[in-house]
1. Quick one: THR121 ticks every box in (1) farther than 25 Å from SER304 by Cβ; (2) in the same structural domain as LEU288 (by TED's automatic domain parsing) bar one, so which box is it?
2. ALA259 - would you say it is closer than 19 Å to GLU118 by Cβ and not in a helix (DSSP H, G or I)?
3. If THR218 satisfies all but one of (1) assigned to a loop (DSSP other than H, G, I, E, B); (2) touching a residue at least 60 places away in the same chain (Cβ under 8 Å), what's the number of the condition it fails?
4. Among the residues of segment 61-81, how many are surrounded by fewer than 21 Cβ atoms within 10 Å (Cβ to Cβ) and either more than 21 Å from ALA270 (Cα to Cα) or in contact with a His (Cβ under 9 Å, 6 or more places away or on another chain) (or both)?
5. Filter segment 158-183 down to residues that are among the hydrophobic types (A, V, I, L, M, F, W, C) and in a strand (DSSP E or B) and give me whichever is surrounded by the most Cβ atoms within 10 Å (Cβ to Cβ).
6. Return a yes/no flag: does segment 231-244 have any residue that is out of contact with any Phe, Trp or Tyr (no Cβ under 9 Å at 6 or more places or on another chain), loosely packed, with under 14 Cβ neighbours inside 10 Å and over 25 Å from GLY50 (Cβ atoms).
7. Scan segment 192-212 and give yes if some residue there is surrounded by fewer than 17 Cβ atoms within 10 Å (Cβ to Cβ), part of a strand (DSSP E or B) and either out of contact with any Pro (no Cβ under 7 Å at 6 or more places or on another chain) or in contact (Cβ under 8 Å) with a residue 40 or more places away in the chain (or both), otherwise no.
8. Return only the number of the condition from (1) among the aliphatic types (A, V, I, L, M); (2) out of contact with any helix residue (DSSP H, G or I) (no Cβ under 6 Å at 6 or more places or on another chain); (3) at pLDDT below 95 that VAL303 does not satisfy.
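The values are calculated or read from the model by the stated rules, or taken from the named source; none is laboratory data. Predicted model only: the values in this text are computed from it and were never measured. With ideal geometry, Cβ positions are generated from the backbone for all residues, glycine too; neighbour counts draw on all protein chains shown.
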Amino acid sequence: MQAIQIHAFEPDNLRLESIDSRLPGPGEVLIHNQAAGVNPIDWKTAMGGGASGFIESFPWIPGWEFSGVIAALGEGVTGFAVGDAVLGFIRFPHPAGCYAEEVIAPANEITLRPEGLEASTAAGLGLAGLTAWQALFDKGQLQSNEKILVLAGAGGVGHLAVQLAKAAGAQVSATSSAKNHAYLTALGCEQVYDYEEFDIQSLANQFDMILDGVGAETAIDALIALKPNGRMVTLPSVTAAQVAAAAEGTDVTVLPIRAEPNADQLAQLAKRAASGELKLKVAQTLPLAQAAQAHRLSASGHVSGKLILTI
């Protein structure tokens, strides 16, 4: 099979290579892959950051989310059949090998792909969708009628968080560049602020929760916008401790988040996406051979929505 392999943590390190196929072990399924999602954690890990501490040997295949068709079942797998269309967010933060024509996936971390949901859309739901869901509801305990501010509302996680928060009955505001204001309003934001121009001080004590997709000084400055006993869930792990330290001695809480595979939650996201209730914005699709270009696009910081590799 063909797969993208990485042989060292260095620039321009993604190579499309032929490797041996594998058979699924107990509790696993073999997937004929159709699409894989690309996320910032992918290129950060490829460069020696991100989840690189979980990479134990070279070469390794990047990617943690996919959608495809089951080709074989390992021993003990029930609830799935050969030919089932599925999607998954698997093994994170350990290597999962989704940038490949074939994927070996734990059966308990995948879910059936609903009819009408395209593989390219399904492949982009896992990491961003579960991060948004778990940040809002598991970590943030968002409640109906609470006010939430999503920093970087048009990003891969942000645009899904806006929709999920709105569907839960929250009052949603977000920050973005001016070009994305109409888009975020259409998704359900009551207020959208231009991150380049507005003064966060003007929003002091207004929000029960902030979902931070930016980190560092932007997140620290935004703490003032929380109500007493409010909470911030911050996505960028590299600055989570810094933001938490800035909140020490105050009456607000800062919580880090790292998405975890969860087939039940992923099934709910897929169901909503298939019905049109949840809209994943696919910024661009590229063939597997252009994985390096996808990483460069993601690293630019100017992608609105998700990048998808088609296989």
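1. THR121 satisfies all of (1) farther than 25 Å from SER304 by Cβ; (2) in the same structural domain as LEU288 (by TED's automatic domain parsing) except (1).
2. Answer is no for this residue.
3. (1)
4. Going through segment 61-81 one residue at a time, the tally reaches 9.
5. Here the answer is ALA174.
6. No, because not a single residue in segment 231-244 is out of contact with any Phe, Trp or Tyr (no Cβ under 9 Å at 6 or more places or on another chain), loosely packed, with under 14 Cβ neighbours inside 10 Å and over 25 Å from GLY50 (Cβ atoms).
7. Yes; the residues of segment 192-212 include at least one that is surrounded by fewer than 17 Cβ atoms within 10 Å (Cβ to Cβ), part of a strand (DSSP E or B) and either out of contact with any Pro (no Cβ under 7 Å at 6 or more places or on another chain) or in contact (Cβ under 8 Å) with a residue 40 or more places away in the chain (or both).
8. (2)
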